[in-house]
1. Restricting attention to region 158-194, which residues are among the charged types (D, E, K, R), over 15 Å from Ile79 (Cβ atoms) and open to solvent by 50 Å² or more (accessible area, probe 1.4 Å)?
2. State yes or no: is Gly13 among the small types (Gly, Ala, Ser) and in contact with a Phe, Trp or Tyr (Cβ under 7 Å, 6 or more places away or on another chain)?
3. Evaluate region 127-140: report whether one residue or more is hydrophobic (A, V, I, L, M, F, W, C) and surrounded by 20 or more Cβ atoms within 10 Å (Cβ to Cβ).
4. Against the condition in contact (Cβ under 8 Å) with a residue 60 or more places away in the chain and open to solvent by less than 40 Å² (accessible area, probe 1.4 Å), how does Pro114 come out, does it pass?
5. State whether one or more residues within region 63-75 are touching a helix residue (DSSP H, G or I) at 6+ places or on another chain (Cβ under 9 Å), within 27 Å of Asn15 (Cβ to Cβ) and without any contact (Cβ under 8 Å) to a residue 24 or more places away in the chain.
6. For residues that are under 22 Å from Arg56 (Cβ atoms) and among the aromatic types (Phe, Trp, Tyr), scanning just region 84-111, find the one that is surrounded by the most Cβ atoms within 10 Å (Cβ to Cβ).
7. Which residue pairs have Cβ atoms closer than 6 Å, lie 6 or more positions apart in sequence or on different chains, and pair a first residue in region 12-40 that is over 17 Å from Leu65 (Cβ atoms) and of a type in the set (D, E, K, R) with a second residue that is in a helix (DSSP H, G or I) and modelled with pLDDT under 95?
8. For region 141-157, which residues satisfy the criterion of being open to solvent by less than 60 Å² (accessible area, probe 1.4 Å), in contact with a strand residue (DSSP E or B) (Cβ under 7 Å, 6 or more places away or on another chain) and either part of a helix (DSSP H, G or I) or not small (Gly, Ala, Ser) (or both)?
Amino acid sequence: MLGKETLLEKIAGKNRGLLSTEVDKQAVLAAIAQLEDRNPTPRPVEAGELLNGDWRLLYTTSKGLLNIDQFPLLKLGQIYQCVRVQTQSIYNIAEVYGLPFLEGVISVVAKFTPVSERRIEVKFERSIIGLQRLFSYQSPASFIQEIEAGKKFTALDTKINSNRQQGWVDITYLDSDLRIGRGNEGSIFVLTKV
């Protein structure tokens, strides 16, 4: 699809938005809007088979995610959002790199509730921050299995008050390998299925 190729071309080399200029951002937003107009899944929240799975972040305007790269000696690695439709769970996982043996993971576990055919409400429940080697981190999928099994990690593993930490996301484009979302803080997320 031409619109998808255009968007992927616009975000290529932008390091998920970290390297985007204002001109780049406007071009990406225009490409996103064109693609959203041709969304092949008009009721994305009801398309569980498409929504379910592990997604890798290609581009975002989220300051919360992009600012992770501002910490001294740390570089933002891959960022994943893993959706488990059956349990209405979302796992946000950011891999962080820096000094040798200090590779880390920043993860947030949330529950979601569909509120319309496009919108989900998200309530954050748990935060896990630690060194990858201390909990034998291998991949998002194996990490999620351990979380779902109830494992407590040798890390900063804390509950989040979901009454204060919540938001919503509109899924504005969804196909078999690309998803676009717009969050309540004005952030845009472009993800590809892993």
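1. Initially, region 158-194 is screened for residues among the charged types (D, E, K, R), giving 159, 164, 170, 175, 177, 179, 182, 185, 193.
Those still in the list that are over 15 Å from Ile79 (Cβ atoms) too: 159, 164, 170, 175, 177, 182, 185.
If the condition is that a residue be among the charged types (D, E, K, R), over 15 Å from Ile79 (Cβ atoms) and open to solvent by 50 Å² or more (accessible area, probe 1.4 Å), then Lys159, Arg164, Asp177, Arg182, Glu185 are the ones that fit.
2. Numbers: among the small types (Gly, Ala, Ser): yes; in contact with a Phe, Trp or Tyr (Cβ under 7 Å, 6 or more places away or on another chain): no.
Against the criterion (among the small types (Gly, Ala, Ser) and in contact with a Phe, Trp or Tyr (Cβ under 7 Å, 6 or more places away or on another chain)), Gly13 does not qualify.
3. Start the filter on region 127-140 by keeping residues that are hydrophobic (A, V, I, L, M, F, W, C), which leaves 128-129, 131, 134-135.
Among the residues that remain, those that are also surrounded by 20 or more Cβ atoms within 10 Å (Cβ to Cβ) are: 128.
Checked region 127-140: at least one residue is hydrophobic (A, V, I, L, M, F, W, C) and surrounded by 20 or more Cβ atoms within 10 Å (Cβ to Cβ).
4. Numbers: in contact (Cβ under 8 Å) with a residue 60 or more places away in the chain: yes; open to solvent by less than 40 Å² (accessible area, probe 1.4 Å): no.
Spelling it out, it is not the case that Pro114 is in contact (Cβ under 8 Å) with a residue 60 or more places away in the chain and open to solvent by less than 40 Å² (accessible area, probe 1.4 Å).
5. At the first step, the residues of region 63-75 found to be touching a helix residue (DSSP H, G or I) at 6+ places or on another chain (Cβ under 9 Å) are 74-75.
Pick out the ones that are also within 27 Å of Asn15 (Cβ to Cβ) and you get 74-75.
Narrowing the set further to residues that are without any contact (Cβ under 8 Å) to a residue 24 or more places away in the chain leaves 75.
Yes, region 63-75 has at least one match.
6. Narrowing region 84-111 to residues under 22 Å from Arg56 (Cβ atoms): 84-98, 103-111.
Those still in the list that are among the aromatic types (Phe, Trp, Tyr) too: 91, 97.
Values: Tyr91: 22, Tyr97: 15.
Selected residue: Tyr91.
7. What qualifies is Arg38/Gly3.
8. Passing the criteria: Ala141, Phe143, Ile144, Ile147, Phe153, Asp157.
The values are calculated or read from the model by the stated rules, or taken from the named source; none is laboratory data. Since the structure is predicted, the reported quantities are computational estimates derived from the model, not experimental observations. Cβ: placed from backbone, ideal geometry, glycine included. Neighbour counts: every protein chain shown. Note: accessible area is taken over every heavy atom of the protein model, side chains too, but ligands, DNA and RNA are not part of it. Shrake-Rupley method; radii C 1.70, N 1.55, O 1.52, S 1.80 Å.
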